[in-house]
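To start, the structure itself, in structure tokens.
The values are calculated or read from the model by the stated rules, or taken from the named source; none is laboratory data. Keep in mind that this is a model prediction, so the values were computed, not measured. Every residue, glycine among them, receives a Cβ derived from its backbone with ideal geometry; neighbour counts consider all protein chains shown. For the accessible areas, the whole protein counts, side chains as well, though only heavy atoms, and no ligand, DNA or RNA atoms are used. Shrake-Rupley method; radii C 1.70, N 1.55, O 1.52, S 1.80 Å.
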Amino acid sequence: MSAIDLPARASKDFDAKLAATRALLQRAAAEFTPLTQASSLGAEDVVITHLINSLELDIPVFVLDTGMLHGETLDLLERTRASSRAPVNVYRPVQESVVHFVGREGKDAMYRSIELRKACCHIRKVEPLERALAGQRAWITGLRREQSAARAEVPAIDRSEEAANGRAKINPLADWTWGDVWHYIQQNAVDYNPLHDQFYPSIGCAPCTRAISLGEDFRAGRWWWEDEAAKECGLHVKPENEEASA
Ligand code: SF4
């Protein structure tokens, strides 16, 4: 069974949502310069990249290659780089920092404490993200309200961090359901990560991602050994409450 078989049922107002998403991307491309898309190559992100390409928008895409991604994700990255009209840039951690951390704490340090997990995330994700976003006026993410309680208030254009870092966050799929995402993938034959076919709704680093069972929360497969409240690694952290996650 493919990931499409179960959830590819669109909302009744899907066509209106899609039109609003297209309009938002066009508006963002005109209003925010420079602008970039952050892609984890998950289902939401491949939809956004497909939209950027089909609308012929000049919005480059970036991917964080943490050095711990699944082979399936790396294969999709190569296929995306080969097929995308928009440039796909890859940011990697500082090798010296990785070697130092793994030498000191071991390669499985993330399971020993939340602090060590966050330290690994900082080296492999947060610091490369800072480099990817340096000088950007805005960035596009695949955040959806449905993904978790912490994301229930995600706006289409989030200006809450503009005063602090000068950057807005554009969330073109904020009101899309999981069914909408898979409907779009099906309708447009979008290439996607085959791990979704093995019940990975949310795909991150290999040591920190597992498949989920039917009925489990979407993000139950990420950092599953930790309490719900601790699940953040800094990619979508709000300065005031530090509750959002990557
Ligand atoms: S998700 Fe896991 S492997 Fe990836 S950076 Fe964070 S702790 Fe390290």
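Summary of computed values
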quantity	calculated
Accessible-area composition of region 1-112, carbon plus sulfur, in percent [1.4 Å probe]	52 percent
Accessible area in square angstrom per residue, the chain, 1.4 angstrom probe	47 Å²
Relative contact order %, region 76-134, counting alpha carbon pairs below 8 Å whose residues are six or more apart	38 percent
Ordering of 124-130, 96-102 by packing [mean C-beta count within 10 Å, highest first]	124-130, 96-102
The chain - percent relative contact order, Cα under 8 Å, separation 6 or more	25 percent
Value in Å of the Kirkwood radius, where the chain supplies the Cα pairs that are averaged	18.5 Å
Apportionment of accessible area to carbon and sulfur, region 127-188, percent (1.4 Å)	47 percent
Gain on full stretching of the segment that runs from ARG27 to LEU55 - 0.36 nm per residue minus C-alpha separation	8.9 nm
Under Karplus coefficients 6.51, -1.76 and 1.60, residue-wise ³J(HN,Hα) of region 167-183 in Hz, glycine/proline x	10, 9, 10, 9, 10, x, 10, 3, 9, 7, 8, 4, x, 4, 4, 6, 4
In Hz, Karplus ³J(HN,Hα) per residue of region 200-208 (6.51, -1.76, 1.60; θ = phi - 60°; x = Gly, Pro)	9, x, 10, 10, x, 6, 4, x, 10
Number of Lys pairs (Cα under 15 Å; 8 or more positions apart or on different chains) in the chain	4
Highest-fluctuation residue, ASP45, ASP58, ASP108 considered, GNM on the chain with Cα pairs under 10 Å	ASP108
